[in-house]
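Novice: Quick one: structure below, then a few questions.
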C-alpha cells in the first residue's frame, strides 16, 4: 500500500496529526545549511557593526527551534531538551549544523531544519549590506532518530 501524507484527513483537509496514542521516546534530529558568500563578505564578518554575525545567527537558530510550532502550522509544540547550532567558516561561506533533541511523542526534524534556516537567514541579513548576492544553499535533514520510523541518515 502506498504511503500517504499524514497532514491531510480523508476529505483532503489539512490537519494536525494526533500523536496522543504515541509513547514519548528520545528523538533527535540534525540538519545543515550552507551560506555561500564572497571572500569580501567573509573577511568583513568580524568587523560587522551589528555584532558578531556567527554568534547572532547561532542564538537566532536556537530561538527559532523553540518557536517552530508558531511558524509551521501543523507542527506540535515540543519540550526541547537540547538545541545546538554550530557555525564553521569555509573558504566560500559558512557551514551551519543544528542538533535538536526531545523526549516526546513526535520528532524534532522541523525544529532542526528551522534552526538551520533561520541561522542562515540571519547571516544573510548581517552580510547583505556588503553583498546582496549571498546564497543560502543545501538546507537538508542530515539524520534523525527515534519514533516509529526509526533511524534516518541522508545519503551522500
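The values are calculated or read from the model by the stated rules, or taken from the named source; none is laboratory data. Predicted, not measured: the structure shown is a model, and the values here were computed from it. Please note: Cβ atoms are built from the backbone with ideal geometry, for glycine as well, and neighbour counts cover all protein chains shown.
Novice: Could you pull out the residue among 68, 98 that is without any contact (Cβ under 8 Å) to a residue 60 or more places away in the chain and touching a helix residue (DSSP H, G or I) at 6+ places or on another chain (Cβ under 6 Å)? Before you say what the answer is, go through the steps one by one.
Specialist: Details: 98 fails: without any contact (Cβ under 8 Å) to a residue 60 or more places away in the chain.
Just a single option satisfies the conditions, and that option is 68.
Novice: Let me ask something additional. Contact list please: Cβ distance under 7 Å, first residue in the stretch 114-141 and at positive phi, second residue outside any helix (DSSP H, G or I), pairs at least six apart or on different chains.
Specialist: 138/32; 138/33; 138/34
Novice: Restricting to the stretch 115-136, name every residue that is touching a strand residue (DSSP E or B) at 6+ places or on another chain (Cβ under 8 Å) and over 14 Å from residue 54 (Cα atoms).
Specialist: Correct list: 134, 135, 136.
Novice: So which residues in the stretch 19-78 are part of a strand (DSSP E or B) and surrounded by 13 or more Cβ atoms within 10 Å (Cβ to Cβ)? Spell out how you get there, then give the answer.
Specialist: Going residue by residue through the stretch 19-78, those that are part of a strand (DSSP E or B) are 25-36.
Result: 25, 27, 28, 29, 30, 31, 32, 33, 34, 35, 36.
Novice: Could you identify the single residue in 128, 156 that is modelled with pLDDT under 95, surrounded by fewer than 19 Cβ atoms within 10 Å (Cβ to Cβ) and within 18 Å of residue 60 (Cα to Cα)? Walk me through how you get there before you give the answer.
Specialist: Values: 156 fails: within 18 Å of residue 60 (Cα to Cα).
Selected residue: 128, the only one of 128, 156 that is modelled with pLDDT under 95, surrounded by fewer than 19 Cβ atoms within 10 Å (Cβ to Cβ) and within 18 Å of residue 60 (Cα to Cα).
Novice: Can you tell me how many residues within the stretch 16-57 are within 21 Å of residue 72 (Cβ to Cβ) and either free of Cβ contacts under 8 Å to residues at least 60 places away in the same chain or in contact with a helix residue (DSSP H, G or I) (Cβ under 8 Å, 6 or more places away or on another chain) (or both)? Steps first, please.
Specialist: If we filter the stretch 16-57 for residues that are within 21 Å of residue 72 (Cβ to Cβ), which is where we start, we get 16-20, 22, 24, 27-33, 57.
Add one more test, that the residue is either free of Cβ contacts under 8 Å to residues at least 60 places away in the same chain or in contact with a helix residue (DSSP H, G or I) (Cβ under 8 Å, 6 or more places away or on another chain) (or both), and what stays is 18, 29-33, 57.
Total meeting the criteria: 7.
Novice: Kindly indicate whether residue 57 is modelled with pLDDT of 95 or more and under 17 Å from residue 131 (Cβ atoms).
Specialist: Spelling it out, residue 57 is indeed modelled with pLDDT of 95 or more and under 17 Å from residue 131 (Cβ atoms).
Novice: Would you be able to say whether some residue in the stretch 104-123 is over 15 Å from the mean Cα position of the chain (by Cα) and either farther than 29 Å from residue 25 by Cβ or exposed (fewer than 14 other Cβ atoms within 10 Å of the Cβ) (or both)? Show your work before the answer.
Specialist: Taking the stretch 104-123 and keeping what is over 15 Å from the mean Cα position of the chain (by Cα), we get 104-106.
Cutting the leftovers down to either farther than 29 Å from residue 25 by Cβ or exposed (fewer than 14 other Cβ atoms within 10 Å of the Cβ) (or both) gives us none.
Within the stretch 104-123 (the criterion being over 15 Å from the mean Cα position of the chain (by Cα) and either farther than 29 Å from residue 25 by Cβ or exposed (fewer than 14 other Cβ atoms within 10 Å of the Cβ) (or both)), the answer is no, since none of the residues qualifies.
Novice: Another question, if that's okay. Which one of the conditions (1) within 15 Å of the chain's Cα centre (by Cα); (2) crowded, with 16+ Cβ neighbours inside 10 Å; (3) not in a strand (DSSP E or B) does residue 84 fail to meet, given that it meets all the rest?
Specialist: Residue 84 satisfies every listed condition except (3).
Novice: Would it be correct to say that residue 77 is touching a helix residue (DSSP H, G or I) at 6+ places or on another chain (Cβ under 9 Å) and within 30 Å of residue 21 (Cβ to Cβ)?
Specialist: Values: touching a helix residue (DSSP H, G or I) at 6+ places or on another chain (Cβ under 9 Å): yes; within 30 Å of residue 21 (Cβ to Cβ): yes.
The answer is yes for residue 77.
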